[in-house]
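Step one of this worksheet: look at the structure below.
Just so it is clear, none of the values below were taken in a lab; they were calculated from the coordinates. The structure presented is a predicted model; accordingly, all values stated were derived computationally and were not measured. With ideal geometry, Cβ positions are generated from the backbone for all residues, glycine too; neighbour counts draw on all protein chains shown.
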Amino acid sequence: MSATIEYLGHSTFLIRAAGNGGGETVLVDPFLDGNPKASVSAGEVSCTRIVITHGHADHMSDAGAIAKRTGATVYAAFEICGYLEEQGVENLEPMNPGGTVSFADGAGSVSLVQAFHSSSFEGRYMGQPCGAIVRVGGKAVYHTGDTALFTDMKMIGERFKPDCLLVCAGDRFTMGPKDAACAAEWIGAPIAVPMHYGTWPLLSDDMDGFTPTGIRTVLMEPGETLELD
C-alpha cells in the first residue's frame, strides 16, 4: 500500500491513498481562493474527506464550499464543526486533541494532536489549534498545523511513527526553519516537507536553515506530488 501527497500551496495538501486505499482523498487545511501561491482553485478540488487543523482563514476559508460541493466529511475541532454546520455542511466529525476517528471499512483515520497557536475565524473562537495525523494507504502523515516548537513532538513521533512530516516553517506566526528542523529531528519521520512559508512578505521564504540531521527534506512547489511507497 502507498499514498501520494500533492502540495496545493501554503499549508494545503491532498493526501491520496493508492493501491487498496479505497479511493480516499484527504484535503488538509483548504485555503485556495485568495491564496497567491495556490496551484488550483477551490472549485477544481475533489476529495472524500477534509481535515482542518485550526480556525484561521488561511487554513479553512474554502472548507465549507468544498464540503458542500463534494459531500466530503470534515474532521475538525468541535467549535469549527459547529460553525460549518451553521453554514450548511452536513457531514461532520467533531474532534479534539487526543481523539481518533476511523474511516469505514478500515480505509484510514484522522487523529488530532496538540499545537501551540491560536484559532479564530471572523472574530469567533474556533477551539484549540491542532496538528493532525492522517492515515491512508497504509501511510501516516503528520501535518503540524501552525505551531511553536514543543517537546511533546518527541512523544507524537514515538506514538504515531509518521512516514512523512508536513511542518510549518515560515517564522513570525509559527516555527521558523531552525525550529522546524529541530521538530523534524524530534518527530523522526523519514521525510520532512516544510510549509507555511513565503506566501506573503511577512513569512520567511528562506529555507536554508531547514536542515534536519538524518531526515530527507523535500521542498515542494505548488502542484508537485510526493510518493510514499
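Numbers for the structure displayed
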item	result
Residues located in the range 130-140, provided they are outside any loop (DSSP other than H, G, I, E, B) and touching a residue at least 40 places away in the same chain (Cβ under 8 Å)	C130, G131, A132, V134, V136, K139
All positions within the range 174-186 that are within 15 Å of G145 (Cβ to Cβ) and surrounded by fewer than 24 Cβ atoms within 10 Å (Cβ to Cβ)	D179
Members of the range 157-173 found to be over 14 Å from the mean Cα position of the chain (by Cα) and either surrounded by 24 or more Cβ atoms within 10 Å (Cβ to Cβ) or over 25 Å from M60 (Cα atoms) (or both), listed by number	G157, E158, R159, K161, G170
Selected residue (criterion: surrounded by the fewest Cβ atoms within 10 Å (Cβ to Cβ)) from residues of the range 1-39 that are among the aliphatic types (A, V, I, L, M) and more than 28 Å from G82 (Cβ to Cβ)	M1
Residue tally, condition of a type outside the set (V, I, T), within 26 Å of N96 (Cα to Cα) and in contact (Cβ under 8 Å) with a residue 60 or more places away in the chain, over the range 24-60	10
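A quick yes/no check of all residues on (1) in a loop (DSSP other than H, G, I, E, B); (2) under 20 Å from D29 (Cα atoms); (3) without any contact (Cβ under 8 Å) to a residue 40 or more places away in the chain; (4) not charged (D, E, K, R):
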site: Y142; (1), (2), (3), (4): no, yes, no, yes
site: T151; (1), (2), (3), (4): yes, no, yes, yes
site: L166; (1), (2), (3), (4): no, yes, no, yes
site: K178; (1), (2), (3), (4): no, no, yes, no
site: A181; (1), (2), (3), (4): no, no, yes, yes
site: P194; (1), (2), (3), (4): no, yes, yes, yes
site: L203; (1), (2), (3), (4): yes, yes, yes, yes
site: G209; (1), (2), (3), (4): yes, no, yes, yes
